[in-house]
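Trainee: Pasting in a structure now, in structure tokens, and then I'll have a few things to ask.
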Amino acid sequence: MSRAVGAFIAGCAGPCLTESERAFFADANPFGFILFSRNIREPDQLRRLTGSLRDAVGRQAPILIDQEGGRVQRLGPPYWRPWAPALEQVAAAGPAHAARSMYIRARLIAWELNWMGIDVNCAPVADIARPETHPVLRNRCYGERPDDVIACARAVAKGLMDGGVLPVLKHIPGHGRANQDSHLGLPRVKTSWTALEATDFLPFAALAELPFAMTAHIVYDAIDPALPVTVSPKGISLIRRDIGFDGFLMSDDISMKALSGDIASRTRAALRAGCDAVLHCNGEMPEMKAVAEASGVLSQMAKSRAGRALGRRRPPERADIAALEAELASLLGKGGNG
């Protein structure tokens, strides 16, 4: 990263770059890119797109995707495997095999992503499922107890990294108690600090060594009753000091309705609070320009964290994919991974 890198991660509008996008990315030099279903048609097209994004900035910029499985998977049939929601897979595998099944799932996902030029996956989900967890998140979780979530989240992270893909721990410091969809509004959690520390924070502390993490757009009364964590200095301080995460910290999508104010003010607030970069997903050019202007470039500390995170990229380890598929099908019983 010899030239100054923007403190934001950008989306793009469609399956190939427009000339205006190419020129904008070349000038703004975002830290990385994130892909969605609108960007994906078939493998050759996707490989061209990931190559074009990196060519635009002249470096091996990280390219992210949300490929959790279940409802949140941007790659799907007919070219890529379908996956059940994580909570369903964990239940099917049972306590003895849940973590192993999630490792194999992540390893197979990484195998597919790596071939497409995608090197960062926004997983594992370390939030704890609860009765009140909003349906937009609940079946994406790995369990209802901290120890179960830790085991499966650690397995997912290892599976991704063994497959040459870096994981993003989310949604730090914990989204499981939210009973509102943060895409549409601002959740508020009134649980005491003592209870949060004994439950919700535990998986994130256990996985604090991971290279990347993504914040939760949630107000926790026990942390900062005035601001959601993403834009709260107190919230980011908790992530750094109490949870112990010292990797590269990105916001969740800065366009989500949980946050207030215009896109530029949200961007500045997240970076002032202590996020290393903001994530902007919708690919709309006017918003991207506002984010780029408001975010400026990576701070020296963010640049250092980025270097450490990206320094953990490795080629995928050799794996017998057919054997892994067969093992997973056996662990899950008849019906395999679908």
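Trainee: Sort the following peptides by mean Cβ neighbour count (other Cβ atoms within 10 Å, averaged over residues), highest first: 244-254, 35-45, 132-142.
Mentor: Going from most to least packed, we get 244-254, 132-142, 35-45.
Trainee: On to the next question. Tally Lys and Arg at +1 and Asp and Glu at -1 over the other residues with C-beta under 14 Å from the C-beta of C12: what net charge comes out?
Mentor: The answer is +2.
Trainee: Can you work out the Karplus-derived ³J(HN,Hα) for every residue in the stretch 163-175? Use 6.51 cos²θ - 1.76 cosθ + 1.60 with θ = phi - 60°, whole Hz, and x for glycine or proline.
Mentor: Result, ordered by residue: x, x, 10, 7, x, 10, 6, 8, 10, 6, x, x, 10 Hz.
Trainee: If the chain between F36 and R318 were fully stretched, how many nm would it gain, using 0.36 nm times the residue separation less the Cα-Cα distance?
Mentor: Extending this stretch completely gives an extra 98.7 nm.
Trainee: Kindly state, to the nearest 0.05, the FRET efficiency for M285 paired with N114, given R0 = 35 Å and r defined as their beta-carbon distance.
Mentor: Rounded to the nearest 0.05, the efficiency is 0.75.
Trainee: Of A206, A226, A155, which is the most mobile in a GNM of the chain whose springs link Cα atoms less than 10 angstrom apart?
Mentor: Fluctuation is largest for A226.
Trainee: Give me the net charge for the shell around F33: Cβ to Cβ below 11 angstrom, other residues only, Lys and Arg +1, Asp and Glu -1.
Mentor: Here the count lands on -1.
Trainee: Further, regarding this structure: Taking a cut-off of 23 Å between Cα atoms, list the lysines near K234, but don't count ones fewer than 8 places away on the same chain.
Mentor: Once the sequence-local lysines are set aside, what remains near K234 is K170, K190, K257, K303.
Trainee: Rounding to the nearest 20 debye, state how big the charge dipole of the stretch 84-332 is about its Cα centre with +1 on each Lys and Arg Cβ and -1 on each Asp and Glu Cβ.
Mentor: My answer is approximately 500 debye.
Trainee: What number do you get for the stretch 84-332 when its Cα radius of gyration is normalised by 2.2 N^0.38 Å, N = residues?
Mentor: 0.99
Trainee: Counting only helical runs of four or more DSSP H residues, what would the 222 nm mean residue ellipticity of the chain come to if each run contributes -39,500 (n - 2.57) and the total is spread over all its residues?
Mentor: Helix contribution divided over all residues of the chain: -12000 deg cm²/dmol.
Trainee: For the stretch 22-152, with only Lys/Arg (+1) and Asp/Glu (-1) charged at the beta-carbon, what is the dipole magnitude about the Cα centre, in debye rounded to 20?
Mentor: Magnitude of the dipole: close to 300 debye.
FYI, it's all coordinate maths here, none of it is from the lab. The structure presented is a predicted model; accordingly, all values stated were derived computationally and were not measured. Methodologically, a virtual Cβ is constructed for each residue, glycine included, from the backbone with ideal geometry; neighbour enumeration extends over all protein chains shown.
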